[in-house]
Each structure stands twice: as structure tokens, then as C-alpha cells.
Amino acid sequence: MASSTTGEKKILTLKGGDNEEFILEESLVLQSELLKNMVKEERVSSIPLPSIKSKTLVKIIEYLKKHAELTPSNKEEFKNFEKEFVNVVLEELLDITVAVNYLKINGLLEFCCQAVADRIKDKSVEAVRKIFRIESDFTPEEESEFRKETPEAFEGDLDDTTN
Amino acid sequence: ISGLAGNVIDHILELLPVQDAARTSILSRNWRYIWSTLPNLVLDYDFYHKLIEESESKFKLAVDEILLLHMGNIVKFILDTRGAHLSSCADIDRWVLFVTRNGVKKLTLRFSNLDTYSLPPSIFKCSTLTHLELTNCVFKPPSSFLGFPNLISLVLQRTTFVPTTSFCVIKVPLLEDLSLNMCHGTQYLNIISPSLKSLNVRDSHYCLVLNCF
């Protein structure tokens, strides 16, 4: 990829896992600590991100654009956008979280982690296993032994649904 | 979720209420010890109120159980019991002793103004502290108090200083941020901090001696 500039704005190409290319202003990707270091130290104009699905990258770029436009007057709008942003199926939310952690976009990582946490809040152990597709590999004896260890105060009214 | 890096899982568990985070230790073998080795224990206002509404003994039992299950260092410990009265503080002394013996660096203790808490000697011997935040405490160091050698941030609200001899001397060579909010007995206070960068004082009644060498 040849490096190109339009006026003052530097352009950068990100390549998703399925080789789809995304062309965007360099200033946008500086929100990612990882990309910022790559751009500053190595002066690259094209960055391959083979571990990130294009679908995930589209979402992240959408966030970077919105975040760059954030001003005190559109704070509310941004909050609503954030809420909608994580309102996706869990699989997708986890993909985004993994990618954001890799790219080191700190503010968004915090937000994604909170969104994952919110999905398992007040849920029973069985429900959390279903949500995350975790198979219990404990023997029945171990399971009842470990349950006894858990503070009694942490039982109580729990939600068995997985939505 | 098993595809998530360890740091992300730790972060998610820290954003969950303690009750929910604790339950993850019975999900599967991989999850068995993640919660119990987390370095940060946040027993916040919500945690306290959920339990104290049932009974004080239930709250105290829950904290005891959490600390007994914990493994490894406790880097951050937050206990917030504002808004409801506690009949005795003896248990809190034990918890503070426990965390100060487990390498606590960031310690926050917030009490309601109904239960001014006298800090136990274990705090004054804790040299690992880097951040200390206290609300509604009585700060009376023992005569053997040598200061906090690693403290960077000290935030005190509605805290009363009681002199050991004629002054309450706090040697804090690395202190950068000091905040005193509606504290009493500041006339006894003598803070020795050569590296202070930020000082925030609100509505403290008497004079404040701040020695910087």
C-alpha cells in the first residue's frame, strides 16, 4: 500500500482478517495505543490485523469515528450510541472485547468489560455456564463441595434465564 | 469467554458485584481460582447495603468468608459502610490487620458519621501503602509511628487527628497528593512531605503545619 496524504490529513489502511481493506484518517486510529505506536515508530501506511474479523473491525471503526466527534454538547447522543454499540449478541460482544483489548483502546475496553459483566450479573451458575457455553468439568461431589464453600450470602434470588 | 485474555477476565470480574464474581469460581476447573486470586477486593456501598439490610452478622460473616477464601496479595481493598450503623468495629480491625499483612497498597475505608472508626495499630505499621483514603476515622498514631514510606496519595475526609505527644506527625517522603476535607484536629497535624504536588484543603478548622524539606 502506498502512503498517501490529502491535504494535512494522513490516510491509513487497515486490513481485516478476511483481507477486506478499510481506509481511514490516521488521526482516528491514534485512539488505539497499539496502532499509535505502529504509526509513530514505523511510519507504516497499511496495517494488517489478521486476527480481527472485518465485521468486528467495522464496529470498532464506527466507534472511533463517533468518539472522535464527541463534544460536551453531544454527550447524551454518544451515551446512547455506546448503549446501542454493545447491544449485540454475546459472541459479537466478546469478539469486539478481544479486539479492543488487542488494539488497546482503553476507554472502549472498560465499556465492553462492563457490558460483559452486566450480562452475568444476578445470574445463577447454570445460567452463566449456558451464556458462556462453559461445560462444568467437576464431579458431582466436587460441585457440591465447592458450592458449600461459596458464602451463603451469595446465593439467594438468582436469575436462570440466559438472555 | 475462554478466548478472552486473563487481564480482560480479571477486569470483567472486578466490574461485577463481589457476590456475582465469587460465583464464577464454581463454573469449571479453569474458573476455579480466578476470583479468589484477584488482587482487588471492592466491598462497596451496594455490597454493604444488600447484606446489612438482612443483618449485621450476615454482613460480617460474608466479609470473613471472602477474606478466608482469598489467596495471594490483596493490592486494593475498599470497604464502604456509609449510611448504616455498625454496633462494633472489632471485626473491621481484624479485616484491616488481614489486608495490611497481605501487601495492601490501596486502602479505602469509608464509615458513616454514626460510627467514627479509630484506626487500628496495624495501619500505622503498614509500609506497603501507596494510596490511603479515609472517611470518618480517628487518626491517632502510636508513638512508634514512622510514617508511610511509600504513600503517594492521602485523602482524608471528616477525619479527626489526635496527637501522640504534642503533635500528630506524619512522615510521607513520597507523598504527591494530599486532600483534607472537613477534618478536625488539624492544629496537631504536622505532615512532612518533600515531594508534594497537589494540596486540597476544605473547611478544616485550625491551622495546618506542612513541612517540606
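The values are calculated or read from the model by the stated rules, or taken from the named source; none is laboratory data. Just so it is clear, the model here is predicted, and its values are computed rather than measured. Neighbour counts are summed over all protein chains in view; Cβ atoms, including those assigned to glycine, are modelled from backbone coordinates with ideal geometry. Surface areas here come from the heavy atoms of the whole protein model, side chains and all, with no ligands, DNA or RNA. Shrake-Rupley method; radii C 1.70, N 1.55, O 1.52, S 1.80 Å.
Looking for something in contact with a Phe, Trp or Tyr (Cβ under 9 Å, 6 or more places away or on another chain), within 14 Å of chain A (Cβ to nearest Cβ) and not acidic (Asp, Glu) - is there at least one such residue anywhere in the stretch B:71-92?
yes
Being among the aliphatic types (A, V, I, L, M), crowded, with 20+ Cβ neighbours inside 10 Å and more than 10 Å from chain A (Cβ to nearest Cβ) is the filter here, so list the residues in the stretch B:26-58 that pass it.
Correct list: B:Leu38, B:Leu41, B:Leu43.
Within the stretch A:22-39, is there a residue that is open to solvent by 80 Å² or more (accessible area, probe 1.4 Å), at pLDDT 90 or above and in a strand (DSSP E or B)?
Yes, that holds for at least one residue.
Please work out which residue is most open to solvent (accessible area, probe 1.4 Å), limiting yourself to the stretch B:163-181 and to residues that are farther than 20 Å from B:Val104 by Cβ and at pLDDT 90 or above.
Checking each candidate, the answer is B:Asn181.
What single numbered condition from (1) crowded, with 17+ Cβ neighbours inside 10 Å; (2) under 21 Å from B:Tyr33 (Cβ atoms) fails to hold for A:Lys148?
(1)
Only one residue in A:Lys66, A:Lys79 is open to solvent by less than 100 Å² (accessible area, probe 1.4 Å), at pLDDT 90 or above and assigned to a helix (DSSP H, G or I). Which one?
Among A:Lys66, A:Lys79, only A:Lys66 is open to solvent by less than 100 Å² (accessible area, probe 1.4 Å), at pLDDT 90 or above and assigned to a helix (DSSP H, G or I).
Is the stretch A:103-112 home to any residue that is open to solvent by less than 30 Å² (accessible area, probe 1.4 Å), hydrophobic (A, V, I, L, M, F, W, C), facing chain B (nearest Cβ under 8 Å) and under 27 Å from A:Thr161 (Cα atoms)?
Yes, because at least one residue in the stretch A:103-112 is open to solvent by less than 30 Å² (accessible area, probe 1.4 Å), hydrophobic (A, V, I, L, M, F, W, C), facing chain B (nearest Cβ under 8 Å) and under 27 Å from A:Thr161 (Cα atoms).
Test A:Phe85 against the criterion of being modelled with pLDDT under 95 and surrounded by 19 or more Cβ atoms within 10 Å (Cβ to Cβ), and give yes or no.
yes
Within the stretch B:13-25, does at least one residue satisfy the condition of being over 22 Å from the mean Cα position of the chain (by Cα), more than 8 Å from chain A (Cβ to nearest Cβ), closer than 19 Å to A:Val116 by Cβ and at pLDDT 90 or above?
no
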